[in-house]
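Only one structure is covered here, and it is reproduced in the block below.
The values are calculated or read from the model by the stated rules, or taken from the named source; none is laboratory data. Note that the coordinates shown come from a computational prediction; the quantities given were computed from them, not determined experimentally. Cβ placement follows ideal geometry from the backbone for every residue including glycine, while neighbour counts extend to all protein chains displayed.
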């Protein structure tokens with residue numbers, strides 16, 4: 001029979017373990033792209049021959065124009081999730097993206113972790129970005145990607161009330177910090193091929209900008225995007241996200 005002290009210790013350990021599991025569960029729900037605990041989001045349908053290239057954290061005056069040239073050369077359209085304050089600073093570049101036929105989505109105003117952001121500010125981040133992008137492009141903004149993939153139920157609900165579909169992904173690599181375009185492309189190809197074997201389309205996240213600074217070097221990402229398109233353009237269909245909703 002356990003002593004009262006031992007019983008208390010074990011009870012404390014049980015509570016701590018329970019809290020740890022709860023914290024882990026919340027972190028999974030808030031950050032893991034495939035989690036549906038906090039609500040459904042658009043990832044990718046069961047269409048293994050389709051690829052959606054998406055680019056976050058722009059517009060970037062140093063690299064977005066070069067990416068647009070690559071995409072035009074291949075005749076491929078993609079989805080850009082733009083940071084509102086950068087869009088405000090680069091309206092002509094935003095217009096160029098939209099006029100080239102690419103889809104423009106909302107990536108918040110200042111790229112905070114929305115899972116840790118007060119509801120009032122969440123709404124402000126989304127509304128301000130949506131209004132800015134719509135004023136520049138003259139087109140409705142219907143898709144939203146939370147920065148870092150971080151969300152909670154009210155973040156997703158706020159986006160939906162504003163007429164936007166929340167979007168995550170099923171293929172990503174650290175292209176924002178990886179200097180080798182070959183490695184970025186190789187890792188993404190592995191994920192694309194895995195999704196294909198499992199019967200899924202692929203929603204690919206890359207970055208044409210950085211939430212830390214305007215004008216970040218995204219040369220490796222642009223080169224890797226060129227490699228991906230070259231690799232798959234004859235066997236897959238590249239789509240923008242509105243093809244899936």
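Listed values, structure above:
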read-out: Residue within region 106-126 that is without any contact (Cβ under 8 Å) to a residue 24 or more places away in the chain, within 22 Å of residue 37 (Cα to Cα) and out of contact with any helix residue (DSSP H, G or I) (no Cβ under 9 Å at 6 or more places or on another chain) present; value: yes
read-out: One residue from 118, 89, 100 being surrounded by fewer than 17 Cβ atoms within 10 Å (Cβ to Cβ) and closer than 14 Å to residue 209 by Cα; value: 89
read-out: The one condition in (1) surrounded by fewer than 20 Cβ atoms within 10 Å (Cβ to Cβ); (2) farther than 23 Å from residue 201 by Cβ; (3) within 19 Å of the chain's Cα centre (by Cα) that residue 45 fails to fulfil; value: (2)
read-out: Flag for residue 160 being free of Cβ contacts under 8 Å to residues at least 40 places away in the same chain and in contact with a strand residue (DSSP E or B) (Cβ under 8 Å, 6 or more places away or on another chain); value: yes
read-out: Test for residue 149: is it touching a residue at least 24 places away in the same chain (Cβ under 8 Å) and buried (at least 19 other Cβ atoms within 10 Å of the Cβ); value: yes
read-out: Residue match in region 32-41 (condition: modelled with pLDDT of 55 or more, touching a strand residue (DSSP E or B) at 6+ places or on another chain (Cβ under 6 Å) and not in a helix (DSSP H, G or I)); value: yes
read-out: Failed condition for residue 163, given (1) surrounded by 23 or more Cβ atoms within 10 Å (Cβ to Cβ); (2) assigned to a loop (DSSP other than H, G, I, E, B); value: (1)
read-out: Subset of region 129-154 (residues that are part of a loop (DSSP other than H, G, I, E, B) and farther than 21 Å from residue 37 by Cα); value: 138, 139, 140, 141, 142
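Quick grid of which residues meet (1) in contact with a helix residue (DSSP H, G or I) (Cβ under 6 Å, 6 or more places away or on another chain); (2) surrounded by 15 or more Cβ atoms within 10 Å (Cβ to Cβ); (3) closer than 20 Å to residue 104 by Cα:
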site: 168; (1), (2), (3): yes, yes, yes
site: 177; (1), (2), (3): no, no, no
site: 182; (1), (2), (3): no, no, no
site: 191; (1), (2), (3): no, yes, no
site: 199; (1), (2), (3): no, no, no
site: 203; (1), (2), (3): no, yes, yes
site: 224; (1), (2), (3): yes, yes, no
site: 240; (1), (2), (3): no, yes, yes
